[in-house]
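Only one structure is covered here, and it is reproduced in the block below.
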Amino acid sequence: MNAGIVGLGRYIPEQIVTNFDLEKRMDTTDEWIRTRTGIEERRFAGDDVNTSDMAYEAAKDAIHDAGIRADQIGLILVATVTPDKPFPSVSTMIQERLEATHAAAMDISAACAGFMYGVITAKQFVESGTYPYVLVVGVEKLSKITNFEDRNTAVLFGDGAGAAVIGHVSEGRGILSFELGADGSGGKHLYQEGPYLEMNGREVFKFAVRQMGESAENVITKAGLSKDEVDFLVPHQANIRIMESSRQRLGLPEEKMSKTINQFGNTSAASIPISLKEEVLNGKISDDDVIVMVGFGGGLTWGAIAMRWGK
Ligand code: COA
């Protein structure tokens, strides 16, 4: 019994903040941000939209897309580092609103790799026959922990949510292999201290370039595939230069990598499901395509999945 993605959803806040808007708020330029990161604009959720509101909207979209009822879900996993409050968890908040009355619920703290951790955890429960469906949400309201006095970090992040329903899929489809990892010794390079996110960009960059490429290659090998059998790469959208290095390592042409960073910036745990949905809607990912997803983040943490698309 293979587990795979049977429904996808997302929520993108309305407010667009361009690089030119940021030029007015801090000592930066559109040119610097575009060339160093690939970001052109990002979305910020308004004061009246909390993390759980975005998670709820994305989850509703994914459940609808899966064609199931919320009360068929056995577990809700929400990956976030920006919950509404320390507790109760965002997952319990949306469990109530979705009326997912049979679902257990917990949040996952694995920063930008959180969606990868969530999907792999979900896979275990689905393939063991414990739950028919697990809902995984990656959601972040990073604008509330961004220090707009710090141009090194303030230009990078955005808000949003993505969600997937994990369930059984036909033989040969679904998750083929995965890798999860952590290196706590790198925790000092990306963390929240007091109200704000702090980052040593150069160290995170070096780690990300190495880890993204390595993990992507590892899951391809574990799945018994070769690089030329990969149809599409969906990397965590943190920096276009990091993403490009993974793409080149896999020998994929430009059009075979998801690129939503220009529109949404780095939405942390939400970036991979938001991008997946974008590519499915655009018809770039179709049934039986082999896709590789790979993410990294604070912790340090990382995760990658090779999957054959389709129910
Ligand atoms: N606008 C203009 N200049 C900026 C700037 C901004 N927003 N941010 C930094 N700079 C300046 C720096 O002050 C520095 O100036 P200096 O040389 O006079 O000191 C210069 O640009 C170069 O800084 P540097 O840090 O070397 O730039 P970089 O090319 O490494 O790019 C990041 C910085 C943050 C874009 C890059 O390191 C990065 O993407 N790291 C990974 C971050 C990441 O992925 N985080 C999320 C993990 S999930």
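Values quoted throughout were computed directly from the atomic coordinates according to the rules given, and no laboratory measurement underlies them. As the structure is a computational prediction, the values presented were derived from the model and not from experiment. Note: ideal-geometry Cβ built from the backbone for every residue, glycine included; neighbour counts use all protein chains shown.
A compact table of results
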{"quantity": "Dipole moment magnitude, nearest 20 debye, the chain about Cα centre, only Lys, Arg, Asp, Glu C-beta charged", "calculated": "480 debye"}
{"quantity": "Flagged links, alpha-carbon separation over 31 Å, of Lys188/Lys284; Lys85/Lys222; Lys60/Lys222; Lys85/Lys277; Lys144/Lys256; Lys256/Lys311", "calculated": "Lys188/Lys284; Lys85/Lys222; Lys60/Lys222; Lys144/Lys256"}
{"quantity": "Calculated [θ] (222 nm, deg cm²/dmol) that DSSP helices of n ≥ 4 give over the chain, each run adding -39,500 (n - 2.57)", "calculated": "-10000 deg cm²/dmol"}
{"quantity": "Radius 10 Å from Cβ of Ile166, net charge of other residues (Lys, Arg +1; Asp, Glu -1)", "calculated": "0"}
{"quantity": "DSSP-defined beta bridges in the chain - what % are antiparallel, rounded to 5", "calculated": "70 percent"}
